[in-house]
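Participant: Dropping the structure in here first, questions after.
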Amino acid sequence: MSANCIVLDAEFDSFNDVEELRALTSALSSFHLYRRAAHQNLTHHRRTSFFALSLAHQALLNQPPINYLRTLDKVDRAIEDNAVLSEAIFRSAVDAFGTDLETTGGGFKAWGSSASDGDLDKVRSTLKQFYRDWSDEGRAEREACYGGVMKELEERFGGVEDKYGSPSAYSGEVDS
């Protein structure tokens, strides 16, 4: 057997392997906890520090061109937009892995208890990559990278709606 051959063990159950389960729940928890962690790390501490300043300093920072509180509000809105995607990724992964949130990894409360900084960095990186790939600005690169695959999927399966009722998100034109 070659060194590059992967042997699948039909008896292996990743949910019975402690390390596999820990890795899965850690990664998924990070997507689930993104909203709370991002608000805490990006805006909560800054608001707390802002309101600890003297009123004169607050007024200075809260006027043009800085408009500090308005800027924090914009960051909060961006976090909420990202959190919608992060939660969708979490739910999709839970479905894909056939994970029972009530029992796997200590139950649902365990899923929402903690996430490592490294895992949260991976979530942020994933969100950035997703938006880059699927934004209007990313259309040319998306078509070059995914165009052939998406065209084939559309030809084979047509305009499929996902389980949430959204039509197929790919609308790029692909040159054959």
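The values are calculated or read from the model by the stated rules, or taken from the named source; none is laboratory data. Remember, it's a predicted structure, so these values are computed and weren't measured experimentally. Heads up, the Cβs are rebuilt from the backbone with ideal geometry, glycines too, and the neighbour counts pull from every protein chain shown.
Participant: Residues in the range 52-59: is at least one loosely packed, with under 14 Cβ neighbours inside 10 Å, out of contact with any Cys (no Cβ under 7 Å at 6 or more places or on another chain), of a type in the set (Ser, Thr, Tyr) and at pLDDT 95 or above?
Facilitator: yes
Participant: Filtering the range 1-34 down to residues that are at pLDDT 60 or above and not in a helix (DSSP H, G or I), which residue is nearest to residue 92 (Cα to Cα)?
Facilitator: 13
Participant: For a quick check of your reading: which helices (runs of 4 or more DSSP H) sit entirely within the range 82-176 and have at least 2 residues that are within 28 Å of residue 24 (Cα to Cα) and modelled with pLDDT of 80 or more?
Facilitator: Ranges flagged: 117-134, 139-157.
Participant: Looking at 43, 48, can you tell me which residue is farther than 25 Å from residue 127 by Cα, of a type in the set (Val, Ile, Thr) and either assigned to a helix (DSSP H, G or I) or touching a residue at least 24 places away in the same chain (Cβ under 8 Å) (or both)? Explain how you work it out, then say what you get.
Facilitator: Values: 43 fails: farther than 25 Å from residue 127 by Cα.
When all the criteria are applied, what remains is 48.
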